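Reading through the structure tokens given below for one structure.
The values are calculated or read from the model by the stated rules, or taken from the named source; none is laboratory data. This one's a predicted model, so the numbers in the text were calculated from it and none came from an experiment. Backbone-built Cβ (ideal geometry, glycine too); neighbour counts: all protein chains shown. Ligands, DNA and RNA are excluded from the accessible area calculation, which covers all protein heavy atoms including side chains. Shrake-Rupley method; radii C 1.70, N 1.55, O 1.52, S 1.80 Å.
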Amino acid sequence: MKNPRYLVDHMHTADPAVHVFNGKIYIYPSHDIESGIPENDNGDHFDMRDYHVFSMDDIDGPVTDHGKVLDVKDVPWAGRQMWDTDVACKNGKYYMYFPVKDKNDIFHIGVAVSDTPEGPFIPKSHPMLGSYSIDPCVFDNGNGDYYMYFGGLWGGQLQRYRDNKAKECGAEPADEEPALCAKVVKLADDMLEFAEEPKDLVILDENGERLKAGDHDRRFFEASWMHYYNGKYYFSYSTGDTHLLCYATGDNPYGPFTYQGVILTPVVGWTTHHSIVEFKGKWYLYHHDCVPSNGKTWLRSLKVVELEYNEDGSIKTIEGIHN
Ligand code: FUB
């Protein structure tokens with residue numbers, strides 16, 4: 001597969017979390033809708049209310065929609081805005097992690113459980129204790145340990161927190177200060193809570209210095225994803241207002257990580273969000289853009305394209321806009 005391929009045309013989908021479960025590709029995206037809410041920097045126009053699950057037997061084959069698997073109405077503590085989700089499998093159970101605002105408009109991360117990757121997922125009665133902000137991604141380290149990466153600036157509310165505590169007046173640091181970090185936390189054995197306090201996922205530059213808040217081309221904004229390739233951990237993310245997907249590599253799930261480069265140049269739309277997955281010996285980048293909706297930033301469409309590495313393990317940059 002050399003050319004990017006759109007995957008779903010009967011609804012708008014974004015923020016794909018992709019995993020291979022039982023030999024099949026499963027896609028857990030956000031479900032974009034036309035809510036009529038005007039576009040703003042707080043992301044109020046992303047007013048999503050449920051999740052569908054999709055699967056593919058093969059990368060070039062048909063995409064099956066397994067239908068609605070979780071609705072905001074079924075989450076007792078939820079207010080509005082179901083954003084990027086992810087699913088992890090442990091001991092034959094599937095755990096869906098989802099950020100949604102509570103009834104006071106504060107994002108937390110909830111968990112819902114299923115016996116199958118297709119769902120439906122049954123939500124727990126409360127958010128994960130100590131959770132905040134958005135964009136959970138769960139990485140299975142293959143040794144029984146699972147790590148969650150999360151956080152997002154602006155509408156994702158990460159700037160409101162320091163040391164895992166909400167500040168009365170949370171704001172982004174000044175340009176010369178260290179950038180805010182994505183968070184990493186090990187999950188408890190039951191997969192339902194954090195096993196520890198979330199830690200900063202530090203990204204260093206080529207001189208071993210922490211990336212600065214003013215370094216908008218490289219600093220973390222949202223859309224965490226972790227994968228493992230050839231003995232290295234690859235943390236990838238969106239730079240938000242500069243619309244790049246970048247990556248940094250490290251030697252363990254906590255880091256520190258060192259910035260390496262751009263995976264995907266800007267796409268049509270404001271947000272860019274992805275996952276990276278290996279299937280049958282090849283690597284793929286799943287992401288979204290707004291070409292099918294003629295640039296409506298809140299109506300996005302999923303795509304997949306092959307991702308390639310250079311011999312030194314660096315990722316070949318993919319162009320976000322193509323013919
Ligand atoms: O889909 C809503 C938000 O847009 C996600 O949580 C962000 O990562 C961005 O894609």
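Here are some notes:
- Residue 171 versus residue 195: modelled label distance in nm, points set 7 Å from Cα along the beta carbon direction: 3.9
- Computed E for residue 204/residue 241 - FRET, C-beta separation, R0 25 angstrom, nearest 0.05: 0.70
- Reducing region 137-158 and region 167-181 to their Cα centroids gives an inter-centroid distance of 20 Å.
- Modelled label positions at residue 321 and residue 116, each set 7 Å beyond Cα in the direction of Cβ, lie 4.3 nm from each other.
- What the Cα convex hull of the chain gives, in volume per residue, is 128 Å³.
- Accessible surface area normalised per residue over region 5-307 is 38 Å², counting heavy atoms of protein chains with a 1.4 Å rolling probe.
- Under 14 Å, Cβ to Cβ, from residue 309 - net charge with Lys/Arg +1 and Asp/Glu -1: -2
- Residue 164 versus residue 279: modelled label distance in nm, points set 7 Å from Cα along the beta carbon direction: 3.6
- Placed amide H near residue 298: partners under 5 Å, 5+ positions off or other chain: none
- Value of Rg/Rh across region 248-323 [Cα atoms, Kirkwood radius]: 1.02
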